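Accompanying notes for the structure given below.
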Amino acid sequence: MTTTTAGPTGRTIEIDDAFDRRSNFGRRGWSIILIEAALLWISSGSVVHGLNVILPALSETYSLDYAQLLALATPASWASILAGLVGAWVCGVKGPKVLILLSLACGGVAFGLMGTWGTTAGFFVLFSIVCFFDTCFAYVGGPALVTNWFPRKKGLAFGWATMGQTFSTATYVPYVALCFSVFGVRHGFWGITAMMAVMFVIVLVFAADKPEDFGCAPDNMPMSPDEIESSRRDQEVAACPFTVRQLLGMRDVWFMGLAFGGLYIIIVGLLSQFVPRLVAMGLPLETAILYMSIAAMFGVPGAYMWGWLSQKLGVKRCAMLYLAWYAVALALNIFELNTVTMWISLAMIGEALGGATNLSMSIVAEKFPRGAFVKAWGVVNPIQSIVRCCAFAILAFGLTHLGGFAGAYTILLVVALVSMVLIWKTDTTPVVAGAV
């Protein structure tokens, strides 16, 4: 079967119904997806996973208090909230490519210096800078590139790209540990900086803000050279028709921010407590960590699965299904797990790891296509981040006052249900100027 759709120039193009679910991104399009996958690998590893080896290494090398370093990592990560706003502004003015290049350069230098500033204050300052710029290149500039290149196939494209994020869970720490063992802690941090330098060159050579800049069509759709050029001119004058104040006045912006902020609370809650949960069941610590690594590998193909489903079902339906998926995983954890339910829960959690980043960005791109995405994302993303920061407080309350793990997971289940309602009430119809 075939359907008709409006191309970027307004011409009606006939395509078959399965077009949006095919990974025929083209050579240039695949390069954009692989770039974003690599940026997500670096960022998620540097800001989250890498702390498992970075903090002990700094503590031992410079005789710093480990608990104090860990405590400082949380307020330092709040720089990511500011990055959503500032990065979106830079991206809107200069374009995503400039933002990515600038952030790779500054973030790379800051990460390398973390091995040389042997004080807790130095760690706090440098890690704050790393969190800021890593968020800018991976979670602002990179998504802006993807949505510019794939306005229709954004879910599928993000599905492939977020494999880099899930793959980072299992591979980033061993790489950093190898750098420390070969070059020592003082110089080993530059191993990640070297990778960022390589990415700087790759982005400089192989990336463009819009596919039209390379003579390509959005979504790799069938278009003539004249139509591509017309689309490029249209995009040059296109801009977000809304101010930040107008975006903050939109109900759907708040619904998306709060719903996916709630989703990240669930993910943080499950991932941060799953190993202690398994240990409480009587499993050795090493076995529990191994099981979490296995779960992370489930997430690599799972990232593609949720991207494909978002194209098949629509991003709104897929997001509700995703939250229902986590609700089931939470229900399995509320009650005392046996071996069968433990593995079912473990597989479900791992399979869904890559979906949150994909769906949180895709639903904003659905509501605010192409030129409007970056400014809208610069408002929605900080709302999500602020809500996500409540995760540990919610967990602590449940663990302390509601009977331990069962109480904590019950709160998370309620959060999942509330988030489902918010997504259900969200109108994802693309906005136009004058709609406010």
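The values are calculated or read from the model by the stated rules, or taken from the named source; none is laboratory data. Computed from a predicted structure; not experimentally measured. Positions of Cβ are backbone-derived with ideal geometry, glycine not excepted, and every protein chain shown enters the neighbour counts. Side chains included, ligands, DNA and RNA excluded: accessible areas come from the protein's heavy atoms. Shrake-Rupley method; radii C 1.70, N 1.55, O 1.52, S 1.80 Å.
Checking each residue in the range 373-390 for being surrounded by 24 or more Cβ atoms within 10 Å (Cβ to Cβ) and either touching a Ser or Thr at 6+ places or on another chain (Cβ under 6 Å) or modelled with pLDDT under 85 (or both) picks out only Phe373. Whenever a residue of the range 342-370 is in contact (Cβ under 8 Å) with a residue 12 or more places away in the chain and within 19 Å of Val328 (Cβ to Cβ), its partners that are of a type outside the set (A, V, I, L, M, F, W, C) and assigned to a loop (DSSP other than H, G, I, E, B), lying with C-beta atoms within less than 8 angstrom and at least six residues away or across chains, give the pairs Gly354/Thr162; Gly355/Thr162.
Out of everything in the range 397-414 that is among the aliphatic types (A, V, I, L, M) and within 25 Å of the chain's Cα centre (by Cα), what residue ends up being surrounded by the fewest Cβ atoms within 10 Å (Cβ to Cβ)?
Val414
Looking only at residues of the range 94-117 that are at pLDDT 95 or above and β-branched (Val, Ile, Thr), we find that the one that is nearest to the chain's Cα centre (by Cα) is Ile100.
Yes or no, residue by residue, for (1) within 21 Å of Tyr62 (Cα to Cα); (2) open to solvent by 50 Å² or more (accessible area, probe 1.4 Å); (3) modelled with pLDDT under 95:
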{"site": "Tyr172", "(1), (2), (3)": "no, no, yes"}
{"site": "Ser181", "(1), (2), (3)": "yes, yes, yes"}
{"site": "Ala197", "(1), (2), (3)": "no, yes, no"}
{"site": "Phe214", "(1), (2), (3)": "no, yes, yes"}
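Residue pairs whose Cβ atoms lie under 6 Å apart, separated by 6 or more positions or on different chains, with the first residue in the range 37-54 and within 13 Å of Ala161 (Cβ to Cβ) and polar (S, T, N, Q) and the second open to solvent by 10 Å² or more (accessible area, probe 1.4 Å) and part of a helix (DSSP H, G or I), are Ser44/Gln165.
With the requirement that a residue be free of Cβ contacts under 8 Å to residues at least 12 places away in the same chain and either assigned to a helix (DSSP H, G or I) or open to solvent by less than 30 Å² (accessible area, probe 1.4 Å) (or both), what does the range 277-300 give you?
As a first pass, look at the range 277-300 and keep what is free of Cβ contacts under 8 Å to residues at least 12 places away in the same chain: 279, 282-287, 290.
Matches in the range 277-300: Val279, Leu285, Glu286, Thr287, Leu290.
Would you confirm whether or not the range 134-142 contains a residue that is open to solvent by 40 Å² or more (accessible area, probe 1.4 Å) and either part of a helix (DSSP H, G or I) or more than 26 Å from Gly307 (Cα to Cα) (or both)? Yes, the conditions are met somewhere in the range 134-142.
Could you tell me whether Cys106 is open to solvent by less than 30 Å² (accessible area, probe 1.4 Å) and either touching a Leu at 6+ places or on another chain (Cβ under 9 Å) or in a helix (DSSP H, G or I) (or both)? Full working, then the answer.
Details: open to solvent by less than 30 Å² (accessible area, probe 1.4 Å): no; either touching a Leu at 6+ places or on another chain (Cβ under 9 Å) or in a helix (DSSP H, G or I) (or both): yes.
No.
Note on the range 236-267: residues that are surrounded by fewer than 21 Cβ atoms within 10 Å (Cβ to Cβ) and at pLDDT below 80 amount to 5.
Contact annotation: residue pairs with Cβ atoms under 9 Å, 6 or more positions apart or on different chains, pairing a residue in the range 107-131 that is within 13 Å of Ile54 (Cα to Cα) and touching a residue at least 40 places away in the same chain (Cβ under 8 Å) with a partner that is open to solvent by 10 Å² or more (accessible area, probe 1.4 Å) and of a type in the set (Lys, Arg), are Gly115/Arg186; Thr116/Arg186; Gly118/Arg186. Within the range 71-93, the set of residues being of a type outside the set (A, V, I, L, M) and either modelled with pLDDT of 95 or more or in contact with a Gly (Cβ under 9 Å, 6 or more places away or on another chain) (or both) comprises Gly84, Gly87, Trp89, Cys91, Gly92.
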